[in-house]
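The values are calculated or read from the model by the stated rules, or taken from the named source; none is laboratory data. Bear in mind the structure is a predicted one, so any value in this text is a computation, not a measurement. When we count neighbours, we look across all protein chains shown, and the Cβ atoms used for this are built from the backbone with ideal geometry, even at glycine.
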Protein chains: 2
Amino acid sequence: MRSGADPSTVRIEVRVELKPGIMDAEAASIERALGLLGLASVPRVATARIYDLEFSAVTSEEAGRLADQAVERLLANPVIHRVTVRPVPA
Amino acid sequence: MRSGADPSTVRIEVRVELKPGIMDAEAASIERALGLLGLASVPRVATARIYDLEFSAVTSEEAGRLADQAVERLLANPVIHRVTVRPVPA
């Protein structure tokens, strides 16, 4: 998050997770490490990646459309990823 | 997110971002790639990592304490990271 963002900008948050059944190797490593560290109760872990996109001088509709394009063309792989795109309130 | 989670579990979401002023190399690469792909308006990008921790058979207070321990001991580097820990409503 950026503080003091220009009010004329539109922020969209893209959350990319692995689909159920896809191996989350980082999460598995974290679970093992927390056990080795002696944490009193080791949680089940899942990871996700957030891309916070801040558009300038576009409408919120246009920003949503551009974010969808960015997801399709660069940020996610539909075979393995589940994606959530949501506007971030100013 | 997992659907159909056991109601006796407690979920805590840990969000790890880079502090302002710390180089976000992945975000810079994404901005450049979106420009090269010809996106009509290239956003400023920031990235964050989400760790979704699901504890079993602990109270929500205990889960919060354990999540804080996991952050301190494994998930974040206080020199470069800003961390937000929040409970996820069931």
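Observations on the structure shown:
- Pairs are defined by a Cβ separation below 9 Å, a sequence spacing of at least 6 or placement on different chains, a first member in the stretch A:34-63 that is over 29 Å from residue A:13 (Cβ atoms), and a second member that is assigned to a strand (DSSP E or B) and small (Gly, Ala, Ser); the pairs so defined are A:41/B:56.
- When residues of the stretch A:56-79 are limited to those that are surrounded by fewer than 15 Cβ atoms within 10 Å (Cβ to Cβ) and in contact with a strand residue (DSSP E or B) (Cβ under 6 Å, 6 or more places away or on another chain), the one farthest from the other protein chains (Cβ to nearest Cβ): A:60
- Some residue of the stretch B:18-31 being farther than 30 Å from residue A:36 by Cα and either assigned to a strand (DSSP E or B) or at the interface with chain A (Cβ under 7 Å from one of its Cβ atoms) (or both): yes
Here's the yes/no breakdown for (1) more than 15 Å from the chain's Cα centre (by Cα); (2) more than 30 Å from residue A:56 (Cβ to Cβ):
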site	(1), (2)
B:11	no, yes
B:30	yes, no
B:48	no, no
B:59	yes, yes
B:68	no, yes
B:72	no, yes
B:78	no, yes
B:81	no, no
B:86	no, no
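- Pairs with Cβ under 9 Å, 6+ apart, first in the stretch A:66-80 and at pLDDT 95 or above, second aromatic (Phe, Trp, Tyr): A:66/A:55; A:67/A:51; A:67/A:55; A:70/A:51; A:71/A:51; A:75/A:51
- When residues of the stretch A:32-44 are limited to those that are at the interface with chain B (Cβ under 7 Å from one of its Cβ atoms), closer than 13 Å to residue B:74 by Cα and buried (at least 17 other Cβ atoms within 10 Å of the Cβ), the one modelled with the highest pLDDT: A:34
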